[in-house]
């Protein structure tokens with residue numbers, strides 16, 4: 001079975017990059033309690049407002065992270081020019097820099113029963129992207145349930161697949177029960193550590209320190225080695241459903 005189905009790559013525009021960043025922010029709000037779901041990113045959004053949910057990250061680290069996320073190789077000097085000072089530099093500069101170094105993936109319509117079909121092209125493109133990520137493309141048909149692939153390859157769905165039609169995928173729902181337990185354990189350990197410190201009761205401080213350390217270790221382990229228990233995109237249940245949404249969104 002022929003799996004690779006390459007996209008039609010066109011020069012990216014700052015507007016496309018901004019649409020991707022908006023979509024990432026929209027999805028981040030589902031599993032990042034610090035992200036502001038009411039904020040809409042615009043070209044005039046300043047860097048410090050954009051970075052408010054993760055304001056501890058330095059501009060150089062952000063530049064390197066964006067290089068990885070977009071698979072580009074902008075220099076520190078280029079990132080500094082659009083990121084610093086964060087209170088006055090705007091997202092428009094970031095979008096222009098990224099747009100100069102990336103392409104926009106487009107879906108090639110497939111031939112189906114003698115005519116072209118955008119939905120068939122979207123399905124073949126999605127299957128090809130998952131195949132490149134290590135999935136067994138031969139086992140993916142339009143009627144194949146999405147759930148096991150979304151759970152294992154959530155980064156592909158939220159990355160390359162989402163970028164085919166930014167803003168089109170329904171809001172993601174990621175369940176990570178082990179990380180939830182680790183988060184509550186860390187919070188309890190921190191609070192108990194404060195109480196033990198103010199009260200001077202050393203057994204409580206020792207127990208709190210152990211709870212905090214073990215919870216942080218559990219959270220690191222879950223993030224590094226455990227898949228989410230489930231990843232869902234609204235009412236999308238099969239690859240056919242996904243192809244319809246992506247095909248329609250890519251034509252906007």
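The numbers here are math on the coordinates, done by the rules we state, and not lab data. Nothing here was measured: the structure is a model prediction, and the numbers come from that model. With ideal geometry, Cβ positions are generated from the backbone for all residues, glycine too; neighbour counts draw on all protein chains shown.
Quick check on region 50-149: what are the equivalent-ellipsoid semi-axes from the Cα gyration tensor, as sqrt(5λ), descending, whole Å?
38, 17, 12
For region 152-249, taking Cα atoms only, Rg and Dmax work out to 20.0, 63 Å respectively.
Please work out the Cα convex hull volume for region 177-225 and give it in Å³ per residue.
Measuring per residue, one finds 43 Å³ for the Cα hull of region 177-225.
When the chain is treated as a GNM with alpha-carbon contacts under 10 Å, the residue of 121, 106, 197 showing the greatest mean-square fluctuation is 197. Labels on offer are (i) 13.3; (ii) 20.1; (iii) 16.2, and the one holding mean projected area of the Cα convex hull in nm² computed from this structure is (iii).
Projecting label points 7 angstrom from Cα along Cα→Cβ for residue 58 and residue 40 puts them 3.6 nm apart. Ranked by the mean number of other Cβ atoms within 10 Å of their residues, highest first, the peptides 218-228, 8-18 come out as 8-18, 218-228. Normalised by residue number, the volume inside the convex hull of the Cα atoms of region 8-104 is 96 Å³ per residue.
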